[in-house]
1. Quick one: 3J(HN,Hα) in Hz for the range B:24-31, Karplus 6.51/-1.76/1.60 with θ = phi - 60°, rounded, Gly and Pro as x.
2. Is the shape of the range A:3-188 best called rounded, prolate or oblate, per the rule: a/c under 1.5 gives rounded, else a/b larger than b/c gives prolate, else oblate, with a ≥ b ≥ c the square roots of the Cα gyration tensor eigenvalues?
3. May I ask for the equivalent-ellipsoid semi-axes of the range B:4-194, computed as the square root of five times each C-alpha gyration tensor eigenvalue and listed largest first in whole Å?
4. So which GluC sites (Glu not before Pro) in the range A:115-193 are both in a DSSP loop and have at most 13 other Cβ atoms within 10 Å of their Cβ?
5. To make sure I understand, if each residue's beta carbon is the centre and we count other beta carbons within 10 Å, what order do A:MET116, A:MET75, A:MET192 fall in, fewest to most?
6. Step by step: find N for the range B:1-91, compute 2.2 N^0.38 Å, then divide the Cα radius of gyration by it. What's the final number?
7. Rg and Dmax of the range B:123-164, using alpha carbons, in Å: what are they?
8. Is the C-alpha gyration tensor of the range A:80-193 telling us rounded, prolate or oblate? Criteria: a/c under 1.5 is rounded; beyond that, a/b larger than b/c is prolate, otherwise oblate.
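Readers should treat all values here as calculations from the given coordinates under stated rules, not as data from a laboratory. Source: prediction; values computed, not measured. Here the Cβ is made from the backbone with ideal geometry for all residues, glycine too, and neighbour counts use every protein chain on show.
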Amino acid sequence: MSIFEYNGSALLAMVGKNCFAIARDRRLGVQLQTIATNFQRIYKMHDRLFLGHSGLATDAQTLYRRLVFRTKRDMKPETFASMVSALLYEKRFGPYFCQPVIAGLGDEDKPFICTMDSIGAKELAKDFVVTGTASESLYGACEAMFKPDMEAETIAQALLSSVDRDCLSGWGGHVYFVIPTEVKERILKGRMD
Amino acid sequence: MECVFGLVGEGFAVVVADTSAVHSILVHKSNEDKIMVLDSHKLIAASGEPGDRVQFTEYIQKNVALYQFRNGIPLTTAAAANFTRGELATALRKNPYSVNILLAGYDKETGPSLYYIDYIATLHKVDKGAFGYGSYFSLSTMDRHYHSRMSVEEAIDLVDKCIIEIRSRLVVAPPNFVIKIVDKDGAREYAWRETVKDADVASA
C-alpha cells in the first residue's frame, strides 16, 4: 500500500460567488483499521484562509506546525500558497507525504483555491480542487455537480457520494463555508463505515 | 503481540498493558511494567521495540520533570502529548523510534484525557484507543460497550471484557496485564490480572 494511502483521507475545495467551501472526511485509519472518526485535517490559518492536507497524518500535523507561526494575520492566499510550495520543495528528495489544499479569500473578496502535489507543484483552479484516496471519485462527482456561483450544499453532496465508494475515507464530513463576513462550519453525517 | 489499550471515563482515564517481555520465541519475564508514571497526574503506556520503549519514555519523563523544575508548574496533558509527538516527529526522518504510545492524564481544568500517538508521530485525542494485535479485539469490544462518562466499576468491567477477549482469541496472547488509572488523586497502579506468576528467584 502506498504511503499516501496509509491513513486515508478525502479533501476538496470549491469556489462560489465571493465565497468558497472546503470540506474533508473525518476518518483516521491505520491501513485497514479505523482509529478515530473525528480527525482534524483542515486548519484555519486566519479568518479568510484555510489549509487542509490529505495523505500521511503525521506529515499533515508536522506541516501545520511549521506553518502556523509563519502565517501573518492578513496574508494573501496566493502568497501563502507560494510559501507552502517552497516549504514542500525544500524536502524535494525526502518529501512530506501529503498534498495540501489551500482555500482563501483574496483581494476584493475574490475566492482562491489551489492544491499541490507532495513536492509543491501548484495547481490553481477556477472551480474546484480535490485530493486524497477518494480523488478519482471526487473529480467525477465535482465535475458533474459543479456550477458557478453556488451554495455549500453541493460540496457536501460531492464529498459524501465520493467517500461512500472509498473504504479508506469517510465516517462523515466536515465543511467550512466561508463568506467575507463569516465562517460557517458543518459536520455531515454520511455512511458511517 | 504486545497489547496496550485505554479509555476515558467520568473524571478518570485508565490504561492497560500486557506485561510480557519477549525476545523472539522466548518470554524473558511476565511482569514487565510497560506503563510509566510520567508525573503525578500522567501515565504513558508504550508498546514497541523494547529498547526504544524504555529509552524514549524515560527521555520524555525526564524532560517533563525538567519543565516542572524550571517553570514551577507541571505541563498539561495536551502539552506533554504534543511534546512527545514533536520528539517522535523530529526523530522520524533521522533515527526513528518504534514506540506506540497512549498518554493518559488528568488536568484540573479540563479533566481526564487520552492521547493516541503512534510510532510515526500521528497525534489524536481519543476516548478509547489501542495498539498491537490486541487492538483488533479490544477496540471492537470497547466500541460495543463504551459510553461516555463511565464509572470506574463499569470501565474496569469493560477492561476485563477486553482482556478475556484477547486471552481467548489471540493466538499468542500475553498471560498477564497491568491496569493503571489516573484521576484527580493522581496516577497509580490499580490492579494486575495475572494467570502466570514468575517463580521467585532463589536467594544465593
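1. The phi angles translate into 6, 9, 9, 9, 5, 8, 10, 9 Hz.
2. oblate
3. 24, 21, 14
4. Within the range A:115-193, the qualifying GluC sites (Glu not before Pro) (loop, at most 13 other Cβ atoms within 10 Å) are A:GLU151.
5. Fewest-to-most Cβ neighbours within 10 Å comes out as A:MET192, A:MET75, A:MET116.
6. So the Cα radius of gyration is 1.18 times the expected 2.2 N^0.38 Å.
7. For the range B:123-164, the Cα radius of gyration and maximum Cα-Cα distance read 10.3, 29 Å.
8. Oblate is the answer for the range A:80-193, as a/c is 1.5 or above yet b/c matches or exceeds a/b.
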